[in-house]
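Written out below as structure tokens is the structure these notes cover.
The values are calculated or read from the model by the stated rules, or taken from the named source; none is laboratory data. Since the structure is predicted, the reported quantities are computational estimates derived from the model, not experimental observations. Cβ placement follows ideal geometry from the backbone for every residue including glycine, while neighbour counts extend to all protein chains displayed.
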Amino acid sequence: MEEDLYDSSELIEIYRTTGKAEGYTSVLNLIEFPKGIELSDLNVVYPTREDYDQALVWSAKLLERGSPVPALDVVLAAMSVRLGVRLVTRDRHFAVIKSVARELKLQVKR
């Protein structure tokens with residue numbers, strides 16, 4: 001089974017439904033959605049300088065293409081790539097990020 005990193009939109013849905021999130025989320029997502037800390041089996045990871053550096057590269061490329069996305073989303077994508085886990089989201093911004101981050105493993109739910 002592939003390991004998952006959940007963004008805020010998916011944390012909110014898990015919180016609302018099952019309350020159990022096996023996998024990871026970023027401390028930044030918990031700042032955005034503090035109730036996420038109540039989810040069982042959730043591991044919290046922190047961004048590194050490497051993540052911010054990679055996010056800056058991707059953000060510059062997206063801006064050049066005329067399709068910037070929120071900074072938090074790009075940092076989360078960089079974390080996902082560094083950790084080698086799939087990013088699970090309900091936010092379509094991540095599909096835009098994938099256009100410059102081909103190595104990003106992504107699941108966009110409805």
Q. Taking the stretch 12-25 as the region of interest, how many residues are within 20 Å of MET79 (Cα to Cα), touching a strand residue (DSSP E or B) at 6+ places or on another chain (Cβ under 6 Å) and of a type outside the set (Phe, Trp, Tyr)?
A. 4
Q: Output the residues belonging to the stretch 39-79 that are within 30 Å of LYS20 (Cα to Cα), exposed (fewer than 13 other Cβ atoms within 10 Å of the Cβ) and either free of Cβ contacts under 8 Å to residues at least 12 places away in the same chain or aromatic (Phe, Trp, Tyr) (or both).
A: TYR46, ARG49
Q: Find all pairs meeting these conditions: Cβ atoms under 8 angstrom apart; at least six residues apart or on different chains; first residue within the stretch 3-21 and more than 22 Å from LEU83 (Cα to Cα) and modelled with pLDDT of 95 or more; second residue surrounded by 14 or more Cβ atoms within 10 Å (Cβ to Cβ) and of a type in the set (Lys, Arg).
A: GLU13/ARG90
Q.
Could you tell me how many of the residues in the stretch 80-110 are buried (at least 24 other Cβ atoms within 10 Å of the Cβ), more than 17 Å from LEU30 (Cβ to Cβ) and in contact (Cβ under 8 Å) with a residue 60 or more places away in the chain?
A. 1
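Only one residue in LEU63, LEU83 is more than 21 Å from ILE14 (Cβ to Cβ) and more than 9 Å from the chain's Cα centre (by Cα). Which one?
LEU63
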Q. Applying the selection to the stretch 5-27, what residues are within 20 Å of THR48 (Cβ to Cβ) and surrounded by fewer than 19 Cβ atoms within 10 Å (Cβ to Cβ)?
A. VAL27
Q: Looking only at the stretch 47-54, decide whether some residue is in contact with a His (Cβ under 8 Å, 6 or more places away or on another chain) and either in a helix (DSSP H, G or I) or within 17 Å of LEU30 (Cα to Cα) (or both).
A: no
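Kindly evaluate LEU30 against the criterion of being surrounded by 13 or more Cβ atoms within 10 Å (Cβ to Cβ) and under 24 Å from SER99 (Cβ atoms).
no
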